[in-house]
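Q: Let me begin by handing over the structure; questions about it come next.
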Amino acid sequence: MDEESALDTDISSFNQRTARVIKSIMQRWRVYHFHDTSPEAKIKKQGYINDNHYLRHDAGNLAAFLYQMKQRDKVYYGRIVTTIKSVVPFFGDFILAPSANPDNIILNWREQGADPDIVFGPNQLSDGTLRLMALITLLLQPQLPELIIIDEPELGLHPYAISVLAALLKGVSRQTQIIVSTQSVTLVDQ
């Protein structure tokens, strides 16, 4: 950000103070781009369990973020799971626990009504479902960023999921500023 914006360039002391204020504000903004759902995507890999202070731009720490939320903010976690279930009827809940290495965690889950001993991993979700889980978590988290910028959130989503996403965006826009880049007529119409 600094190199492109030249916010650290020393032009004058007034401009430097202004630049510091603007930079401080911009650092609280979050840009999200949940496009990478390839086999090598961070969202599908084990991650550091304590990387949970905020949801990363690519949702690479989604498991850790949800794990800490389940521990500290059960009401918000419950809303996230309920909202996911409203769009993904086979989804039961996340299985969030440290891996064999207790410093790591992966986004495991179970099916609704299935044997609770059967655990699925993130590779067993469609790309759209995985993106939707990240979007719902982003929009229903307890501490929203001051500004949320989302690039093409509709990618891979079923039309019904897009309508749920639109409702979430409308609701969250009452609490924080949201900018969405989209080519989806369905999302815009909502």
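Q: Relative to the Cα centre, what is the charge dipole magnitude of the chain, using +1 at the beta carbon of each Lys and Arg, -1 at the beta carbon of each Asp and Glu, and rounding to the nearest 20 debye? Each step should come with its number before you reach the end.
A: On the way: 18 positive and 21 negative charges, 145 e Å.
Dipole size: approximately 700 debye.
Q: Long-range amide H contacts for Asn104: which residues qualify at under 5 Å (H placed 1.01 Å from N, peptide plane, sequence gap of 5 or more or a different chain)?
A: Result for Asn104 returns Ile49, Ser99.
Q: Any idea of His57's accessible area? Nearest 10 Å², probe 1.4 Å.
A: Estimated to the nearest 10 Å², His57 gives 110 Å².
Q: Within 10 Å, at most 12 other Cβ atoms, and a DSSP state outside H, G, I, E, B define an exposed site. Report the longest part of the chain free of exposed trypsin sites (Lys or Arg not before Pro). Please report the intermediate quantities before stating the final value.
A: Values: sites that count: Arg28, Arg174.
No qualifying site falls inside 29-173, the longest such stretch.
Q: Also: So for the chain, taking the charge dipole from beta-carbon charges (+1 Lys/Arg, -1 Asp/Glu), which of Gln175, Leu66, Pro145 sits furthest toward the positive end?
A: Result: Gln175, furthest along the dipole toward the positive end.
Q: If you take the Cα Rg of the range 23-98 and divide it by 2.2 N^0.38 Å, with N the number of residues, what do you get? Write down the numbers at each step before the final one.
A: Numbers: Rg = 13.7 Å, N = 76, 2.2 N^0.38 = 11.4 Å.
Rounded to two decimals, the normalised Rg is 1.20.
Q: Oh, and also: Can you list the HN-Hα couplings for the range 125-135, worked out from phi with the Karplus curve (6.51, -1.76, 1.60; θ = phi - 60°), rounded to whole Hz and with x for Gly and Pro?
A: 10, 5, 4, x, 5, 4, 5, 4, 4, 5, 5
Q: May I ask you to derive the FRET efficiency for Asp51 and Ile149 from their Cβ-Cβ distance with R0 = 25 Å, giving the value to the nearest 0.05?
A: Working: r = 21 Å, r/R0 = 0.84.
The calculated FRET efficiency here is 0.75.
Q: Follow-up. Quick one, what does Rg over Rh come out to for the chain if you take C-alpha atoms and the Kirkwood Rh? Working shown, then result.
A: Working: Rg = 18.2 Å, Rh = 17.8 Å.
That ratio equals 1.02.
Q: Something else now. I'd like the accessible area for Glu146, computed on protein heavy atoms only with a 1.4 Å probe and all protein chains in place. Round to 10 Å², please.
A: 100
The values are calculated or read from the model by the stated rules, or taken from the named source; none is laboratory data. Small disclaimer: the values here were computed from a predicted structure and weren't measured. All Cβ positions, glycine included, derive from the backbone under ideal geometry; neighbour counts span all protein chains shown. Heavy atoms of the whole protein, side chains included, go into the accessibility calculation; ligands, DNA and RNA do not. Shrake-Rupley method; radii C 1.70, N 1.55, O 1.52, S 1.80 Å.
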